[in-house]
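Heads up, the thing below is written out as structure tokens.
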Amino acid sequence: MSYKFDFEFLAERWPDFVAGAWLTIQLTVLAIAFGFLVGTVCALARAYGGPVLRRVAGGYVEIIRNTPLLIQIFIVYFGLSSLGLKLSAEVSAVLALTINMGAYTTEIMRAGIESVQRTQLEAADCLGLTRLQTILHVVLLPAMERVYPSLGSQGVLLMLASSITSQISAEELTATANLVQSDTYRSFEVYVIVAVVYLALSALYRLGFWAIGLILFERRRRLGTPL
């Protein structure tokens, strides 16, 4: 094997990797937050909505979960542009990732909502809680607590899947790697560095979800199992 490893280019190009990683964080944090909101609303629609709302939410989930993320990104970026709505690559990436995250979050949250026992809902009625109070305090928070590990894992998976947005020229980490390797011709070294950065980002996201779990869930905080 005559290949000689050379990481000297990193001394000059490390700011590019930092900028790419930072954009990856920005895109995915926004998509996770908005996707959670979309998924929670759709989960409530599937659990408590009328027949029409249930079918609409169910159709959305089935369409998104059974089509590739790359195709969804292309539809948002190229499709909306064809209709006259031109969005930047970054905005398109956030929108597509949000739609994708929302569909998976819908099913995760629906499982949590359906795990809430009917006796708890009856107790809320006996206490005179309104429908909104019941949903917020009796349904949503306990449901989220029960499925929180799945939500955290889905968030990490979305961060890793965000590399696909390089296909529409969103200058996140993978797009940065493609640019650097085309300039330096050190493909192996570049993608090893990127793999290490993605591993670090995965650890960072898991730490972030762990910290959020400590804040949100008192019972898990007492047990020491926020994730």
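Which of the helices (runs of 4 or more DSSP H) contained wholly in the range 24-123 include at least 2 residues that are buried (at least 22 other Cβ atoms within 10 Å of the Cβ)?
In the range 24-123, 89-114 are the helices (runs of 4 or more DSSP H) which contain 2 or more residues that are buried (at least 22 other Cβ atoms within 10 Å of the Cβ).
Of all the residues in the range 79-112, those that are touching a residue at least 60 places away in the same chain (Cβ under 8 Å) and over 24 Å from Ile135 (Cβ atoms) number 8. Considering the range 124-152, the residues that are farther than 20 Å from Arg46 by Cβ and not aliphatic (A, V, I, L, M) include one that is surrounded by the most Cβ atoms within 10 Å (Cβ to Cβ), namely Gly152.
Does Ser182 fit the bill of being assigned to a helix (DSSP H, G or I), in contact with a helix residue (DSSP H, G or I) (Cβ under 7 Å, 6 or more places away or on another chain) and polar (S, T, N, Q)? When the stated conditions are applied, Ser182 does not pass them.
Yes/no matrix, rows are residues, columns are (1) closer than 24 Å to Leu216 by Cα; (2) free of Cβ contacts under 8 Å to residues at least 40 places away in the same chain:
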residue	(1), (2)
Thr130	yes, yes
Pro142	yes, yes
Glu171	no, no
Ser182	no, yes
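Entry remark, the range 1-23: residues being without any contact (Cβ under 8 Å) to a residue 24 or more places away in the chain and not in a helix (DSSP H, G or I) number 4 in total.
No lab work stands behind these numbers, since they all come straight from the coordinates. Just so you know, these numbers come straight off a predicted model, no measurement behind them. Glycine also receives a Cβ, built like all others from the backbone with ideal geometry; neighbour counts cover every protein chain displayed.
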